[in-house]
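Single-structure report; data block below.
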Amino acid sequence: MKKDIKSLFAFFIGIIVLSSCSKNEYESDGAVSPVIYMSYVKALHNGDDVILAKEKLMGATQIAGVVISDRTSGNFNENELVVQNSSRNKISGIVFKFTDNNTSINYGDSVKIDIENCVLYRENGSMKIKGDDLSFAKVNKVESNKVIAPRKVSLTQLYSDFFNYENTLVEVANIAFPDLIGGEVYNGDVKMGEEASILIYLSTKSTANFAQKSLPLLASFRGIPTYYNATSNYYNTAKLLFKMRNEEDAFNETGATYASFPEDFELAAASTKASYLMSATNDMVTFKTGNWRIYQGIIGDVVNVDKFNPTGKQAIRLKDQLSESAYIEMNFDLTSGASKVTFSYGVPALGAITASTFDLEYSQNGGTTWTKVGNSITDAGKNAQLATFNVNVSGPVRFRINKLGLGPNTSSVNNGFLNIDDFKVYQNVN
């Protein structure tokens, strides 16, 4: 008898537990909250349109979240909001399609939206909620300027789990655009990343206020992944798009390389600058990018001595053990600023392999004054290395390498020869 009573007691406890598990997680004090969590709503969609009746939402009639689309940028439809929320450790996002246009709700606004009897569906692949009477009057703004931290993912991670990142805010770093040939702007769809098998496209509407801005060669991006299918509503055959909220979602930008760069110092014969000082020519030499000053340097072309690029024969060799600076310096300006400078450097095989100290500097007043970029480089060795300097200079600019005059080599001073090759300047995209 006791065993039967225990079994019956356990049965009723199980019923209570199951009942409590099926309740809306926003319930408090026994009352059903009007707000349902977004991941629950999204899970209702199994391919067919779903009418969001109250009984399907555990008695709820609203969704709460934070707006992550920017109505002011022009990159999103005026009658839509992208809203994200987090519940039960799951981040979800949905596009809300309204019957009127947005004039007051901004990204960063915390909102509650009435969705009773609206329709959950996919339009051209993207999951949305719409309703015959779903106007912006159904949006209740709770708070403004909420900061949503993007989830940082690699492009590979985003591609492999796109479904779970759909319509949420993410960040991808150091994205290149392999299909660029130069002069492209943001407007349209452009493939992101260099891996052929990863097909995600940076998508910008022609109405976006940054649509005609130059597309960077390399940059990091924040934005909203979404599906687009031109011929049906199925997401599993849709194009994978990445939409920036606004212009500020692109950062750490690198512009396209200037025409004729990288400068490989091959155009002029080595005999043109065969002495470290050539006062008669003011140490000037014309290469394919323009006129350069080589002070206390020569055009080095000795095989197995000077550090060349794989296909070249020449490099600039700057003198060792000087008490004054040696320079390789542009005698012309680049008109569109600079976002990055790269070049190769190394020690020519002349006796002992001794490093030196040198700086990259720039001038915006025709070479009258110079500004140092970043830190000095001191690790030149027998193997050529690539130096990379990120800069953010607008307007006319020229560059030089300043090999510091530290005097003769001693036990505490390294001031050897220095070779420079493949000097490349990237435009500023701002």
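Just so you know, in segment 94-123 the residues that are of a type in the set (S, T, N, Q) and out of contact with any Ser or Thr (no Cβ under 8 Å at 6 or more places or on another chain) include one that is farthest from ASN229 (Cα to Cα), and it is SER104. Out of all the residues in segment 240-276, which are of a type in the set (D, E, K, R) and not in a loop (DSSP other than H, G, I, E, B)? Matches in segment 240-276: LYS243, GLU247, GLU248, ASP249, GLU253, GLU263, LYS273.
Remark: pairs (first residue in segment 303-332, at positive phi; second residue of a type in the set (A, V, I, L, M) and modelled with pLDDT under 95; Cβ separation under 8 Å; 6+ apart in sequence or on different chains) = ASN304/ALA349. Of all residues in segment 369-394, those satisfying the criterion of being in a strand (DSSP E or B) and under 18 Å from LEU418 (Cβ atoms) are LYS372, VAL373, GLY374, ASN375, SER376, ILE377, GLN385, LEU386, ALA387, THR388, PHE389.
In segment 299-314, the condition of being out of contact with any helix residue (DSSP H, G or I) (no Cβ under 9 Å at 6 or more places or on another chain), crowded, with 18+ Cβ neighbours inside 10 Å and not in a loop (DSSP other than H, G, I, E, B) is met by no residue.
Residue-wise test of (1) within 17 Å of PRO216 (Cα to Cα); (2) of a type in the set (A, V, I, L, M, F, W, C); (3) not assigned by TED's automatic domain parsing to the domain that holds LEU218.
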residue: LEU158; (1), (2), (3): no, yes, no
residue: PHE162; (1), (2), (3): no, yes, no
residue: ASN167; (1), (2), (3): no, no, no
residue: VAL170; (1), (2), (3): no, yes, no
residue: ASN174; (1), (2), (3): yes, no, no
residue: PHE177; (1), (2), (3): yes, yes, no
residue: VAL185; (1), (2), (3): yes, yes, no
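Among all residues of segment 61-69, there is none that is free of Cβ contacts under 8 Å to residues at least 40 places away in the same chain and on the phi < 0 side of the Ramachandran plot.
Taking the criterion of being within 23 Å of GLY367 (Cβ to Cβ) and among the β-branched types (Val, Ile, Thr), the residues of segment 384-414 that qualify are VAL391, VAL393, VAL397, ILE401.
Taking (1) closer than 24 Å to SER104 by Cβ; (2) under 19 Å from the mean Cα position of the chain (by Cα) in turn, LYS138 satisfies each apart from (2). Take the residues in segment 57-87 that are in contact with a helix residue (DSSP H, G or I) (Cβ under 9 Å, 6 or more places away or on another chain) and surrounded by fewer than 18 Cβ atoms within 10 Å (Cβ to Cβ); name whichever of them is nearest to VAL139 (Cα to Cα). Checked segment 57-87; the qualifying residue nearest to VAL139 (Cα to Cα) is ASN79. Of the residues making up segment 150-181, just one is closer than 14 Å to PHE242 by Cα, more than 16 Å from the chain's Cα centre (by Cα) and of a type in the set (Val, Ile, Thr), namely THR168.
Among the residues making up segment 167-204, a single one is assigned to a strand (DSSP E or B), at pLDDT below 95 and among the polar types (S, T, N, Q): ASN174. Scanning segment 151-185 for residues that are among the acidic types (Asp, Glu), farther than 21 Å from VAL82 by Cα and surrounded by 14 or more Cβ atoms within 10 Å (Cβ to Cβ) gives a single hit, GLU184.
Being small (Gly, Ala, Ser), crowded, with 17+ Cβ neighbours inside 10 Å and part of a loop (DSSP other than H, G, I, E, B) is the filter here, so list the residues in segment 212-239 that pass it.
Just the residues of segment 212-239 that are small (Gly, Ala, Ser), to begin with: 214, 219-220, 223, 230, 232, 238.
Subset that is crowded, with 17+ Cβ neighbours inside 10 Å: 214, 219, 223, 238.
Within segment 212-239, just ALA238 meets the criteria.
Test of understanding: among LYS243, LYS273, which residue is over 15 Å from the mean Cα position of the chain (by Cα) and charged (D, E, K, R)? Sole residue among the options that is over 15 Å from the mean Cα position of the chain (by Cα) and charged (D, E, K, R): LYS273.
Picking from residues in segment 118-147 that are of a type outside the set (Lys, Arg), touching a residue at least 60 places away in the same chain (Cβ under 8 Å) and surrounded by 19 or more Cβ atoms within 10 Å (Cβ to Cβ), the one that is nearest to SER92 (Cα to Cα) is MET127.
Can you say whether SER104 is farther than 24 Å from ASP161 by Cβ, modelled with pLDDT under 95 and surrounded by fewer than 18 Cβ atoms within 10 Å (Cβ to Cβ), as far as the supplied structure shows?
Details: farther than 24 Å from ASP161 by Cβ: yes; modelled with pLDDT under 95: yes; surrounded by fewer than 18 Cβ atoms within 10 Å (Cβ to Cβ): yes.
Yes; evaluated as a whole, the condition is true for this residue.
The residue of segment 248-284 that is farthest from LYS313 (Cα to Cα), among those that are surrounded by 16 or more Cβ atoms within 10 Å (Cβ to Cβ) and among the acidic types (Asp, Glu), is ASP249.
Among residues belonging to segment 186-208 that are of a type in the set (A, V, I, L, M) and loosely packed, with under 14 Cβ neighbours inside 10 Å, point out the one that is nearest to SER86 (Cα to Cα).
Initial filter on segment 186-208 (of a type in the set (A, V, I, L, M)): 190, 192, 196, 198-200, 202, 208.
Then keep just the ones that are loosely packed, with under 14 Cβ neighbours inside 10 Å; that gives 196, 199.
Numbers: ALA196: 33, LEU199: 28 Å.
Result: LEU199.
The values are calculated or read from the model by the stated rules, or taken from the named source; none is laboratory data. Given the structure is predicted, the values throughout are model-derived calculations rather than measurements. Here the Cβ is made from the backbone with ideal geometry for all residues, glycine too, and neighbour counts use every protein chain on show.
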